[in-house]
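As structure tokens, the structure follows; a few thoughts come after it.
The values are calculated or read from the model by the stated rules, or taken from the named source; none is laboratory data. Keep in mind that what you see is a predicted model, and the values were worked out from it rather than measured. Cβ placement follows ideal geometry from the backbone for every residue including glycine, while neighbour counts extend to all protein chains displayed. We work out accessible area using only protein heavy atoms, side chains counted, and drop any ligands, DNA or RNA first. Shrake-Rupley method; radii C 1.70, N 1.55, O 1.52, S 1.80 Å.
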Amino acid sequence: MAGFFSRKILDRYVLGEMGQPFCFGMMAFAVLFVAGGLLFEIADLIIERGVSFFVVLRLFLYRLPSVVVVVVPMAALLAALLGFGRLSSQSELVALKAAGVSFQRVLRPVLWGALMVTFVTILFNETVVPLSNAATDQLMRVEVYRQRPSLIKERVFLREEHDGQLSRVIYIDKLKTRVGRMEKILVQEFDKGRLSRILSSGGGVWADGVWTLEGGQVFEVTPAGDVTLLMTFERQKIPLDLSPEEIERSGRDPDTMGIFELLRQISLVSVQGGDVHPLWVSFHTRLAFPWATVVLALVGATLGVRPHRSGAGIGVGLSVLVAFAYYVVMSFSRALAQGGNIPVLVGAWLPVVLFLVLGGFLARRANG
């Protein structure tokens, strides 16, 4: 029982050493990111476009959640580096080792704490960040560029494939999402890659989960290319499983979607015969990035025990260098995955695996 309480005391002590540097890192890196990018944009908005300070303040607040997600791994890296640097400089790690406590045991609360932060970041990234990105886009379009929000989506093309072959193409001239209505619809159906039937209608309505076309004609296309009228109709249901909102989302920015929305979007684009490769890259990158908190905390802790000056300035500088290296690897691997040069899973998870191996190697040396 005494050993249990002593381990709990050790865990709280180690995490306590990292608490203040973590908060400092969050503020410091957030300021660096904002000053490095957003402030120049804000100055341009105020001076060149005459945007009010209230709009700029809202833009800053909307951008902040996405900045927070980026700086969390860097703050964890800095916290581990400074925390373990202080433990090392005051010979507390030597004392723990002399008492039979391994370096891996001292690392345990760091990894558990980083893991908890990772899960909170994933939740934050799935709830707050997509909403803030969508709000940022809306604010820029409506109040900065003075574009009126359109209630109508025009010239919508939907493609459907079956067994790798094009089976249907639907063209919608105008889609009114809020009222569930579309105008001037043209449906082309294919049989083994050959155009076999054409359906045209002046309009359609969405009701009870079904699209119903009104006042249209159905034409048959013969193998020779001749077009003959088969029938006319006043009302006819069309087998289209997409709601007005899903059709409108077909061109939505992946950054404004959560993971589950991305999966749904991948399914929709796949059915339409579109290129889902960039969406898969975004999906796996979204999953992989929060784990940078764990691997960078591991690397920071192992670097903290190396012989160097443990001042906050040195720690921030070293953290920036390590984080920069991580983001460079992440950018290159993502670019290679988007270009199809490496598998999507490799491109998304390569930086996590590389720095995890680096952290494990340094941890073994630190225990030697």
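Contact annotation: residue pairs with Cβ atoms under 7 Å, 6 or more positions apart or on different chains, pairing a residue in the range 99-122 that is under 16 Å from MET26 (Cα atoms) and in contact (Cβ under 8 Å) with a residue 12 or more places away in the chain with a partner that is open to solvent by 50 Å² or more (accessible area, probe 1.4 Å) and part of a helix (DSSP H, G or I), are GLY113/LEU15; THR118/TRP291.
Restricting the range 19-59 to residues that are among the β-branched types (Val, Ile, Thr) and open to solvent by 30 Å² or more (accessible area, probe 1.4 Å) leaves a set whose member that is modelled with the highest pLDDT is VAL31. Here the condition is being β-branched (Val, Ile, Thr) and part of a helix (DSSP H, G or I); of VAL101, VAL129, it holds for VAL129 alone. Yes or no: LEU175 in a strand (DSSP E or B), open to solvent by 20 Å² or more (accessible area, probe 1.4 Å) and at pLDDT 75 or above? Taking the combined requirement at face value, the residue does not satisfy it. Residues that are among the charged types (D, E, K, R) and either at pLDDT below 80 or touching a Cys at 6+ places or on another chain (Cβ under 7 Å) (or both) do occur in the range 268-284, at least one of them.
If you check SER250 against the conditions, is it surrounded by 14 or more Cβ atoms within 10 Å (Cβ to Cβ), at pLDDT below 75 and not aliphatic (A, V, I, L, M)? Here the answer is yes, as SER250 does meet what is asked. Would you confirm whether any residue within the range 62-85 is among the charged types (D, E, K, R) and surrounded by fewer than 19 Cβ atoms within 10 Å (Cβ to Cβ)? No; the residues of the range 62-85 include none that is among the charged types (D, E, K, R) and surrounded by fewer than 19 Cβ atoms within 10 Å (Cβ to Cβ).
Per-residue answers, yes or no, for (1) modelled with pLDDT of 80 or more; (2) open to solvent by 60 Å² or more (accessible area, probe 1.4 Å); (3) among the acidic types (Asp, Glu); (4) closer than 22 Å to VAL71 by Cβ:
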| site | (1), (2), (3), (4) |
| --- | --- |
| VAL106 | yes, no, no, no |
| GLY113 | yes, no, no, yes |
| MET116 | yes, yes, no, yes |
| THR121 | yes, no, no, yes |
| THR127 | yes, yes, no, yes |
| SER132 | yes, no, no, yes |
| ALA135 | yes, no, no, yes |
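Screening LEU139 on (1) touching a residue at least 40 places away in the same chain (Cβ under 8 Å); (2) farther than 26 Å from LEU321 by Cβ; (3) open to solvent by 20 Å² or more (accessible area, probe 1.4 Å); (4) aliphatic (A, V, I, L, M) shows it passes everything except condition (3).
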